[in-house]
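Structure record follows, encoded as structure tokens.
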Amino acid sequence: MIDLSLYQAFVLAAVILVIVPGPDMAFIITMGVGGGPLAGFSAALGVAAGLAVHAVAAILGFAAIFAVAPLLYDVIRWAGAVYLVYLAVKTYLERNETTLTAPASEPGRVDRWVAFRKAAVVNLLNPKVILFNAAFLPQFVNPELGNVPGQFLILGLTLVVIDLMIDGVIGLAAGRAGQWLRRSRRIIKALNVATAAVFVGLALRLMLVRD
């Protein structure tokens, strides 16, 4: 069903691509530092869930739809940027709170669902990920073996697993570092301001980097 030599090359390429820092990793680290290990890991789960949806979208030909209707691409891209700006403003206004995901009256509480949801939404509202999957996955598909959708599915699931294994560890590590940093109220405030800046930076990248 799948070309093993191509699959081995895909696994190696996927590991390298996931390790290279990017917007998703920046978001996971930010959530981990602000909310703790479980928040960081939950954010990694959210990104992995988003990647799974993008892989299915690539199989269904969403990239081709973007090519025919470029306005749809821009609508999704700007929606993602607006959501990131919203997160930035919200985080800055709540900069004195104990964590990024819990009110100051509940110190130490980390809402893992919030971290998961934010990461998933940010990933899903990035149409570049759909285009990337559409360009990357077909290189490792062998049509001569048949069942092309099945090959795409295996590759997509493999990418999700690799991403979760690497980003999950990074999210947990960022959370551990954040627990130490959050011992100081002044550092907490600085972390939240820095987080808002990261969200703004990601929004600008999404808006300005068209290709």
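If I filter the range 18-31 for residues that are assigned to a helix (DSSP H, G or I), among the aliphatic types (A, V, I, L, M), in contact (Cβ under 8 Å) with a residue 60 or more places away in the chain and surrounded by fewer than 16 Cβ atoms within 10 Å (Cβ to Cβ), do I get at least one hit?
Yes, the range 18-31 has at least one match.
State all residues of the range 3-39 that are in contact with a Ser or Thr (Cβ under 9 Å, 6 or more places away or on another chain) and within 24 Å of Phe152 (Cβ to Cβ); if no residue qualifies, say none.
Listed by number, the residues that qualify are Tyr7, Phe10, Val11, Ala14.
Taking the range 137-154 as the search range and keeping residues that are of a type outside the set (A, V, I, L, M, F, W, C) and part of a helix (DSSP H, G or I), which one is farthest from Ala13 (Cα to Cα)?
Among those that are of a type outside the set (A, V, I, L, M, F, W, C) and part of a helix (DSSP H, G or I), it is Glu144.
Since every read-out is calculated from the coordinates, none of them should be taken as a lab result. Quantities reported herein were computed from a predicted structural model and do not represent experimental measurements. Because the Cβ atoms are built from the backbone with ideal geometry, glycine has one as well, and the counts that use them run over all protein chains shown.
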